[in-house]
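The values are calculated or read from the model by the stated rules, or taken from the named source; none is laboratory data. Everything numeric here is computed off the predicted structure, so don't read it as measured data. All Cβ positions, glycine included, derive from the backbone under ideal geometry; neighbour counts span all protein chains shown.
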Amino acid sequence: MIQYKSTRNNIKLCSFLDVILKGIANDGGLFVPEKIPKFSLRQLRLLSKKSYQERAIFIFNLFEPDLSENTIRKIVNTAYSTNFDTTLIAPSIHLKDNQYVLELWHGPTSAFKDMALQIMPLLFSEAVKEKNKKLVNKGEKPIHYLILVATSGDTGKAALEGFKDRKGVSIIVFYPYGHVSRLQELQMITQNGLNVEVCAIHGDFDAVQSLVKDIFNDSKFNKKLFNQYQVLLSSANSINWGRLIPQIIYHINAYIDLVNKQVITLGSQIDIAIPTGNFGNTLAAYYAKKMGLPIRKFICASNENNVLTEFLQTGIYNIKKRKLVQTPSPSMDILIASNIERLLYTISNDPKKVSFWINQLKIERKFEVDNLTKGILKKEFYADWVSNKDCLLNIKKLYDETKYLMDPHTSVAQAIVERYQKQKSISSPVIICSTAHWAKFAKDVCRALTKSINDDMLDEFEILKRIKRITKASIPKNILELKRKAIKHRKKYNPNTKLIGDKIINWLKNTQ
Ligand SMILES: *Cc1c(COP(=O)(O)O)cnc(C)c1O
């Protein structure tokens, strides 16, 4: 069994299931496996005839989790099934020349977050079951977990869809009222499931995030939840290790697909380009390389919030003078990319150094890595960013050139790939991760295609129709159906910790 340790302190080991429930280590660090398992090219070859699910099971087992092979099989087969709109789950499409698009949005919410959040809740539920078995054997009461999510849009829906009707766990999603797109709002407020609740909060995303943080940190409230209701709070955010293994899997899967298509021969190198936010996707690709996947460069693409471009180019992470700017690719609008901590640990293998750097970021809002680490960052990564304007121009340019319609996040990555290949006269194949279906960002896509849209002119379903008229591109069923779905969650609240605390307790009373 591979155990997990914290990036900041190497002493205490936890099992895979413990790590899923805990989310974050007691010392504030992130969990990393004590060793990264490896696979051989021969093993990759054996996977080439297998389905996405069989490949996923194989890779999961390499991590030797404290789950039976049978359970892993059951969980993987449930997570990646008819809830995806293609049996390939994450198909790789030829775009142009040596560029391939890895479409990560065929899940139930048309967002790349589904790749991890369709399976992570199943693992979570299994972990709760095992934990409660032990508690009951000791004569103690079983625990119920309550997941709290603050969302600025996409994560909320993907988490709701993943956790709905899972045993041993409930979920409440908070979103900033008026600050998410109408489509995103409809996706959330029409959510079904007996263990789900959605609350609109008056305020912006920061207000929602601090509200949820305050609830997590309110020890009196947490004690009350536990003592009176046997409820523990938990989160489902992208630093949970349970979201990372599923992401390692699709990178490996895409490589095997390109071998099968005879784009590459087994063992030859590819580049992977990723529209990056919290660095989970890129980190997963980095782990895939450590495990044996022949990746040459990680092309880390950012929008105008280009803190990662600067960091990977210079080794200096500096947020002193930075403010978040709004972009057409909101899921990449980030100042602190939490998963960088795991990258630093994996490169340096030194929890003292990692603690020092992360602490400096907190206090000085800046840190600089050592020369050895700088060298590795330079060698492994190509980082660059595009402006808001160029992101939208690129959607139109690529559509005119190929008839492929990209969402703004994917466009950021594809624009950087063009630049990179020109600059370096590179001709080896590149996989471009496509992280959202264009329909989820219809307004900006329409603006990119037609240049003639007023912000308040059309509602989003009209815009979808308009894009469809122009491009004949298809729109996912889950999005079209929103127009007719019944609204189940209408409550709006002020961001008041006491008020929300009371609501949570009321809701628990009514649902347990
Ligand atoms: C979450 C998200 C990203 C960023 O992914 P990270 O793993 O956080 O880097 C990019 N694009 C979309 C559409 C996303 O939802």
Item to check | Residue within the stretch 248-266 that is within 16 Å of the ligand (Cβ to nearest atom) and modelled with pLDDT under 95 present | outcome: no
Checklist outcome for this item: So, first residue exposed (fewer than 14 other Cβ atoms within 10 Å of the Cβ) in the stretch 482-507, second residue assigned to a loop (DSSP other than H, G, I, E, B), Cβ within less than 7 Å, six or more apart or across chains; the pairs are A486/T190; I487/T190; K492/Y177; K492/H202; N494/H202
Checklist entry - Could you list, in sequence order, the residues of the stretch 166-219 that are polar (S, T, N, Q), part of a helix (DSSP H, G or I) and within 28 Å of H437 (Cα to Cα)? => result Q184, Q187, Q209
Item to check | Given (1) polar (S, T, N, Q); (2) in contact with a helix residue (DSSP H, G or I) (Cβ under 8 Å, 6 or more places away or on another chain); (3) free of Cβ contacts under 8 Å to residues at least 40 places away in the same chain, index of the condition N26 fails | outcome: (2)
Next on the checklist: With the structure loaded, tell me whether I358 is within 23 Å of the chain's Cα centre (by Cα) and without any contact (Cβ under 8 Å) to a residue 40 or more places away in the chain or whether it fails that test.
Outcome noted: no
Next on the checklist: Among the residues in the stretch 129-139, are any in a loop (DSSP other than H, G, I, E, B), at pLDDT 95 or above, over 20 Å from the mean Cα position of the chain (by Cα) and not small (G, A, S)?
Outcome noted: yes
Checklist entry - Within the stretch 51-65, is even one residue more than 30 Å from F356 (Cα to Cα), exposed (fewer than 15 other Cβ atoms within 10 Å of the Cβ) and β-branched (V, I, T)? => result no
Checklist outcome for this item: Considering the stretch 310-338, residues that are surrounded by 21 or more Cβ atoms within 10 Å (Cβ to Cβ) and among the polar types (S, T, N, Q), and then whichever is farthest from K440 (Cα to Cα), we arrive at T327
Next on the checklist: I'd like the full set of residues that are surrounded by fewer than 19 Cβ atoms within 10 Å (Cβ to Cβ) and closer than 29 Å to S81 by Cβ, limited to the stretch 28-37.
Outcome noted: I36, P37
Next on the checklist: Here's a check for you: in the stretch 274-315, which residue that is away from the ligand (no atom under 12 Å from the Cβ) and of a type in the set (G, A, S) is farthest from S152 (Cα to Cα)?
Outcome noted: G292
Checklist entry - Among the residues of the stretch 474-490, is there at least one that is touching an Asp or Glu at 6+ places or on another chain (Cβ under 8 Å) and outside any loop (DSSP other than H, G, I, E, B)? => result yes
Item to check | Selected residue (criterion: modelled with the highest pLDDT) from residues of the stretch 273-321 that are basic (K, R) and more than 19 Å from P429 (Cα to Cα) | outcome: K290
Next on the checklist: I want to confirm something. Restricting to the stretch 178-213 and keeping residues that are at negative phi and surrounded by fewer than 16 Cβ atoms within 10 Å (Cβ to Cβ), which single residue is modelled with the lowest pLDDT?
Outcome noted: D206
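Quick grid of which residues meet (1) away from the ligand (no atom under 16 Å from the Cβ); (2) among the aromatic types (F, W, Y); (3) free of Cβ contacts under 8 Å to residues at least 40 places away in the same chain:
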| position | (1), (2), (3) |
| --- | --- |
| D114 | no, no, no |
| A150 | no, no, no |
| I171 | yes, no, no |
| G193 | yes, no, yes |
Item to check | Members of the stretch 404-443 that are more than 9 Å from the ligand (Cβ to nearest atom), within 21 Å of the chain's Cα centre (by Cα) and hydroxyl-bearing (S, T, Y) | outcome: S411
